[in-house]
Amino acid sequence: MMKLSVELLLLAFPSLLSAMLLFFRTLFHVSRRASFRVISLSSNSSHPDSLSFNVFNPSSSLTSINAYRISRPFFWFTSFLCIFRLPFVSYSNANNSIEFLDIGSLRKIIQQDLWNDPKIVVLFDSALAPIWVSRILVGLKEDPKLALKFFKWAGSQVGFRHTTESYCIIVHLVFRARMYTDAHDTVKEVIMKNRIDMGFPVCNIFDMLWSTRNICVSGSGVFDVLFSVFVELGLLEEANECFSRMRNFRTLPKARSCNFLLHRLSKSGNGQLVRKFFNDMIGAGIAPSVFTYNVMIDYLCKEGDLENARRLFVQMREMGLSPDVVTYNSLIDGYGKVGSLEEAVSFFNEMKDVGCVPDIITYNGLINCYCKFEKMPRAFEYFSEMKNNGLKPNVVTYSTLIDAFCKEGMMQGAVKLFVDMKRAGLLPNEFTYTSLIDANCKAGNLTEAWKLLNDMLQAGVKLNIVTYTALVDGLCEDGRMIEAEEVFRSMLKDGISPNQQVYTALVHGYIKAERMEDAMKILKQMKECNIKPDLILYGSVIWGLCSQSKLEETKLILKEMKSRGISANPVIYTTIIDAYFKAGKSSDAINLFQEMQDVGVEATVVTYCVLIDGLCKAGIVELAVDYFCRMFSLGLQPNVAVYTSLIDGLSKTNCIKSANKLFDEMQCRGMTPDITAFTALIDGNLKHGNLQEALVFISRMTELAIEFDLHFYTSLVAGFSKCGELRQARKFFNEMIKKGILPEEVLCICLLREYCKRGQLDEAIELKNEMQGMGLITESAAMQFPV
């Protein structure tokens, strides 16, 4: 046994040495031009029906292929390992050494499916089986159907895998035989195989296909097949690289195939590659067709690059190509969507002038544009025109008009179109139903929205994310949180992932329902789903927390916003400042206002109003006046609310003259004081005993037809009674009761005390009895005064 092993080693040594020399020669001469193939395939001249295997043959046709300069030591190393293994496998049985393959015998074996024949079996026992398969395929090149049969059988053998080379050989053979479907399927198979294996970049399949092209003259169309399959599989970058290589070898794909890639690129969103490939097509001398220009013009219009779209439109006409309805539709839609309605109409008129008949897409584009920019009458003109021209409106037409009516709040018109649409035999789609449901929800017509939802489900139309959002938002706005939760669960059950709008609607709903904990749970769930809250949602959460005086939680939300790079806006700052004042934390409010200015957020009139009002209520009137004066220097005009807050603050701090002066200033600036301003000023004057001034202000209010409210009457009755003007106080007390404004018990007790205090007991008893009779004071309150 040992002797046999030594003999085999001696037999293998020459081949091993040859293989090593080849390996090192290739490794250190990496700039040498060579093919990617491991072997050279040639017919043996002495045996015309046989194949010989040469590790390296300088006269081989492969040496004439100057394809690429390669530098792949690892590739050659793996090749060497394959050859290194040859002696120990091929010579395992001396009787099985193969010098020649009888192709005639092999044809018979393949034709008769004699797959167990030793001549075939021995091939697949060798590590070089893939190479032998390639040799056999070349030997069968005159019978491509038989070659394909053998190729498929070999590929089905356990443990065997075709090389990229054998794939390329069979592709050439079947393509030359005009077996185009088989060529297409085989190219597709090798691309998918190489994508999975990742051992041979799919774009390099072209290199192998090129290096095997002289096996048979299949023509340049085989490379177009490769290019087309790349596009078909969505390997657009690989297709683009394939095009570049084909261009370098002056073997260009067909214009139709290039248009296919251009179309796929335009839908992929890779704008840079779309433009580049279009320019490469033109540069390579591939004549663009109307379809080519249509793809580019449509893409540019959708991207909003109308200048270049128009340039291509002019260019195609200069080349003698006539724009068709697709060209004009793209331009009409593109210009219309950005509001250039005159330009859109200009293209519409031009297409009619050149004899290009507008189709339903043309009219739908115009109707959509005019609806989008709230020019409904003009949209209906085109609607009528299309019907007069014999074009029947489709679902898109009706849905566009229905959506426009809904957004304008014209529900009757929307419903009429909806009915007309169904009468015409058109089935409303999800967009039609969603527009109507959303409009009804926003209008608070949830009953009607629910009916439409049932119609939609009965018609077998599935709800989309917009429909669910409209329903959730409508229910939340109406305070029907239980139903909103049910809809939300249904959405999840249908496999629709909630978006930011759905979560925002739920958060708003919970905040309105004063269910802040549930709102915070939804916010947490939203973040767990990697949906980032926006500024509006954060603002709503902060408002909800502030309304419940949860200022510590508010600080955490504000900190979270900053960590996400979201800056608080004036509304958020104003909300928190107001909450601080209401919580009695004036210093924190002032500090936050200062922070707001430091980070560059401009305070609004509302912000100053909250600040001044808070300071006045806290008794810090002097600082409030200071901020009031700053408003003018910042170009901000104080409104009635700002003046009223400051007047009230001045009045309560014994600065009645300044309050009166400010009141006059407000009127000089053209502002009409409201009841709050009058109440504050009258209350202040009464407290200072300025009865005449108070009566003058009351007369002004009467002249301005300002209705007196409970707070105003309370100030008048309390003020005049404390000034000793009980007759005047009683007059306003009776007046408010006559108007149906019932005084609070506190005011009644105050008035009774003043009567008692001034010794007018009879009047006090009479008034007390009246109050008791009307149920204005309780028995316990009445007991405080003498009977």
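The values are calculated or read from the model by the stated rules, or taken from the named source; none is laboratory data. As the structure is a computational prediction, the values presented were derived from the model and not from experiment. Neighbour counts run over all protein chains shown; Cβ positions are idealised from the backbone, glycine included.
Observations on the model:
- Residue list for the stretch 144-192, restricted to those being more than 19 Å from Trp132 (Cβ to Cβ), more than 47 Å from the chain's Cα centre (by Cα) and outside the structural domain of Ser126 (by TED's automatic domain parsing): Arg176, Ala177
- Only one of Thr604, Thr653 that is of a type in the set (Ser, Thr, Tyr) and modelled with pLDDT under 90: Thr653
- Of the residues making up the stretch 436-482, those that are of a type in the set (S, T, N, Q) and either more than 25 Å from the chain's Cα centre (by Cα) or not in a helix (DSSP H, G or I) (or both) are Asn440, Asn445, Thr447, Asn454, Gln458, Asn464.
- The condition of being under 23 Å from Thr186 (Cα atoms), over 26 Å from the mean Cα position of the chain (by Cα) and acidic (Asp, Glu) holds for Glu241.
- Taken over the stretch 539-552, the criterion of being outside any helix (DSSP H, G or I) and surrounded by fewer than 17 Cβ atoms within 10 Å (Cβ to Cβ) is satisfied by Gln548, Ser549.
- Selection from the stretch 634-660 of residues that are surrounded by fewer than 24 Cβ atoms within 10 Å (Cβ to Cβ), under 26 Å from Asn690 (Cα atoms) and not aliphatic (A, V, I, L, M): Asp648, Lys652, Thr653, Asn654, Cys655, Lys657, Ser658, Asn660
So that you can scan it fast, the table gives a plain yes or no per residue for (1) over 22 Å from Asp534 (Cβ atoms); (2) crowded, with 21+ Cβ neighbours inside 10 Å; (3) among the β-branched types (Val, Ile, Thr); (4) modelled with pLDDT of 90 or more:
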{"site": "Gly413", "(1), (2), (3), (4)": "yes, no, no, yes"}
{"site": "Met421", "(1), (2), (3), (4)": "yes, yes, no, yes"}
{"site": "Phe431", "(1), (2), (3), (4)": "yes, no, no, yes"}
{"site": "Asp438", "(1), (2), (3), (4)": "no, yes, no, yes"}
{"site": "Lys442", "(1), (2), (3), (4)": "no, no, no, no"}
{"site": "Ile511", "(1), (2), (3), (4)": "no, yes, yes, yes"}
{"site": "Asp518", "(1), (2), (3), (4)": "no, no, no, yes"}
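- When each of Ser257, Ser289 is tested for being under 27 Å from Glu189 (Cα atoms) and modelled with pLDDT under 95, the lone residue that passes is Ser257.
- If the condition is being outside any helix (DSSP H, G or I) and either free of Cβ contacts under 8 Å to residues at least 24 places away in the same chain or among the hydrophobic types (A, V, I, L, M, F, W, C) (or both), then the stretch 250-284 contributes Arg250, Leu252, Gly269, Ala284.
- The residues listed here are Cys406, Cys476; of these, the one that is modelled with pLDDT of 90 or more and in contact with a His (Cβ under 9 Å, 6 or more places away or on another chain) is Cys476.
- Single unsatisfied condition, Glu485 versus (1) modelled with pLDDT of 90 or more; (2) of a type in the set (D, E, K, R); (3) not in a helix (DSSP H, G or I): (3)
- Filter pass, Lys387 being closer than 30 Å to Val419 by Cα, surrounded by fewer than 19 Cβ atoms within 10 Å (Cβ to Cβ), touching a Leu at 6+ places or on another chain (Cβ under 9 Å) and among the charged types (D, E, K, R): no
- Close pairs (9 angstrom Cβ cut-off, 6 or more residues apart or separate chains): within 16 Å of Gly600 (Cβ to Cβ) and in contact (Cβ under 8 Å) with a residue 24 or more places away in the chain in the stretch 548-571, charged (D, E, K, R) and in a loop (DSSP other than H, G, I, E, B) anywhere: Ile566/Lys532; Ile566/Asp534; Pro570/Glu602
- For the stretch 231-249, residues that are in a loop (DSSP other than H, G, I, E, B) and of a type in the set (Gly, Ala, Ser) total 1.
Listed here are the residues, each with its yes/no results for (1) in a loop (DSSP other than H, G, I, E, B); (2) surrounded by fewer than 18 Cβ atoms within 10 Å (Cβ to Cβ); (3) in contact with a Pro (Cβ under 9 Å, 6 or more places away or on another chain).
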| position | (1), (2), (3) |
| --- | --- |
| Thr554 | no, no, no |
| Ile557 | no, no, no |
| Lys562 | no, yes, no |
| Ile577 | no, no, no |
| Gln594 | no, yes, no |
| Leu611 | no, no, no |
| Cys629 | no, yes, no |
| Phe632 | no, yes, yes |
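Okay, residues lined up against (1) closer than 24 Å to Gly539 by Cβ; (2) in a helix (DSSP H, G or I); (3) free of Cβ contacts under 8 Å to residues at least 40 places away in the same chain:
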position: Thr607; (1), (2), (3): yes, yes, yes
position: Gly614; (1), (2), (3): yes, yes, yes
position: Gly619; (1), (2), (3): no, no, yes
position: Asp626; (1), (2), (3): no, yes, yes
